[in-house]
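Any read-out appearing in this document is the output of simple, stated calculations on the displayed coordinates, not a laboratory observation. Not measured: the values here are computed from a predicted model. Neighbour counts are summed over all protein chains in view; Cβ atoms, including those assigned to glycine, are modelled from backbone coordinates with ideal geometry.
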Amino acid sequence: MSRRISQAAVTLLILLTAGPLAAQDQNQAPGLTAAQKADRAIRQAYDLSQNGKDEADFIQMAELLESVLQEPNLAQKTRDYAARLKGWAHNRRGELLAKEGKEKIAAIQFETAVELNPNHWKARYNRGVSYSLEGQIDKAIDELNTAIDLNGGYARSWFNRGEAFYAQGKLRESIRDYTQAIRLDRENALFYHHRGHSYYLQRRYQQAISDYDRSIELNAEDVDPYVYRGDAYAELGAYEQAIQDYRRALALDKNLGRAYLSVAWLLATCPDDDIRNEKQALAAAKKAISLDGEAAGHRYLEALAAAQANAGEFDEAQETQQKVVEQAPEQLQVDCRVRLVLYSKKQPYRQQPAAAAGEWRSQVDP
């Protein structure tokens, strides 16, 4: 919903008011009836909806409308309008708070907005995003379903529902929603970038690369798509192209731990002798961990273990890979343990291209 109130709402407001009133606190007009005071408060709140800019304006707007809703003899049409307008104020306040990074307080505002006006699609959307940020993915999807039912033309509702499906590992559903978001807004680099991730996890690397290409075309300063496109190239055995993308990423951000992680993995596990480099793989793995610190999880340790094994440091590789086994999620345990056995036998790990390993998937949309 835009910051402007619809024409229908304006018409209703005119019907509710007896004419133009001075913008003053209703409590300063002792001769007015309760109905006139309510009309005055609604007028003031409406003016704030048109001209308000900061949180204080929307707090004042909500307080004015709350005074209206406290009136026991209020006409139902007036009460309904005041509730919808108050919900709008809470939603706008929540949006401002969210921009400031105050997500928990913002979430309370979105909850209140939906309670006051269940058909406010933007409040539904915002509450869905809040649920996602809180890790309540099922609730987020339910809320975004409602937002889409109320307004299917808002691209970010589809995108954020795609994000929720992605978080659940439902890649087919995420691709469907990212694709709809792209249909509605073909110039948003983020939509292509994130659909590329889903294609990548489906091992549909060519389609992932196409999406990363488009994301980079739309926003060449965004560093992440270079890294992920490099990973897709590496999976297909296009190692030189992968290295070029990692270099581009590090040229944009020399402290990007994620890029060093990919460099370390490629230089340690590549089956091409001309690509592997013992010293650089070890250095890149350690650099990635030093840069990302606590955020460096099992994948970083896995790259370090592979680099250690590639350099002939098998005892160190076993010790590091054991930590990987302890930290990795269940679905990755088999691969992690296979590499641990390799290192115990003093053998390095070599990752074969996806096509060579028989993992090539059809390029037909799911």
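In straight Cα distance, which lysines are under 17 Å from K86, not counting same-chain residues fewer than 8 positions off?
In chain and number order, the partners are K37, K53, K77, K122.
What angle do you read, to the nearest 10 degrees and between 0 and 90, between the alpha-carbon axis of helix 121-133 and the longest principal axis of the chain?
40
May I ask you to derive the relative contact order of the chain, considering only C-alpha pairs under 8 Å and at least 6 residues apart, and to give it as an integer percent? Before the final figure, lay out each step's value.
On the way: 518 pairs, mean separation 28.3, N = 366.
That works out to 8 percent.
Provide Rg and Dmax in Å for the chain, with only Cα atoms included in the calculation.
27.7, 93
Based on C-alpha coordinates, I'd like the Rg and Dmax of the stretch 145-280, in Å.
16.4, 57
Does anyone have the angle between helix 298-310 and the longest principal axis of the chain? Alpha-carbon axes, 0 to 90°, nearest 10?
That works out to roughly 10 degrees.
Can you pull the percent of Cα pairs in the stretch 291-353 with separation above 15 Å? Don't skip to the answer; put the middle values down first.
Working: 865 of 1953 pairs.
Pairs farther apart than 15 Å: 44 percent.
K346: which lysines have alpha carbons under 27 Å from its alpha carbon, excluding same-chain residues fewer than 8 sequence positions away?
Straight-line reach from K346, under 27 Å: K279, K286, K287, K323.
Mind checking the full-extension length gain between K102 and I275? Use 0.36 nm per residue of separation minus the Cα-Cα distance, one decimal, nm.
Details: separation 173, 0.36 × 173 = 62.28 nm, distance 4.63 nm.
Length difference between fully extended and current span is 57.6 nm.
Would you calculate the separation in nanometres between label points at E330 and L32, each defined as 7 Å from the Cα along the Cα-to-beta-carbon direction?
A separation of 6.3 nm, rounded to one decimal place.
Using a 7 Å offset from the Cα along the Cα-to-Cβ direction at both K53 and E187, what is the distance between the two label points in nm, to one decimal?
Once both label points are built, they end up 2.6 nm from each other.
Pairs of Cα atoms under 8 Å, at least six residues apart: use those to get the relative contact order of the stretch 174-318, whole percent.
Details: 200 pairs, mean separation 20.3, N = 145.
Averaging sequence separation for qualifying contacts and normalising by length gives 14 percent for the stretch 174-318.
What FRET efficiency comes out for the pair N151/A75, r = Cβ-Cβ distance, R0 = 35 Å, nearest 0.05?
On the way: r = 29 Å, r/R0 = 0.82.
For N151 and A75, the calculated efficiency is 0.75.
In degrees, nearest 10, range 0 to 90: what is the angle between the Cα axis of helix 34-51 and the longest Cα principal axis of the chain?
So the inclination is approximately 40 degrees.
Could you sort the peptides 321-329, 334-342, 105-113, 119-127 by per-residue average Cβ neighbour count (10 Å cutoff), highest mean leading?
Values: 321-329: 17.1, 334-342: 15.2, 105-113: 21.6, 119-127: 23.3.
The densest-packed peptide leads the list: 119-127, 105-113, 321-329, 334-342.
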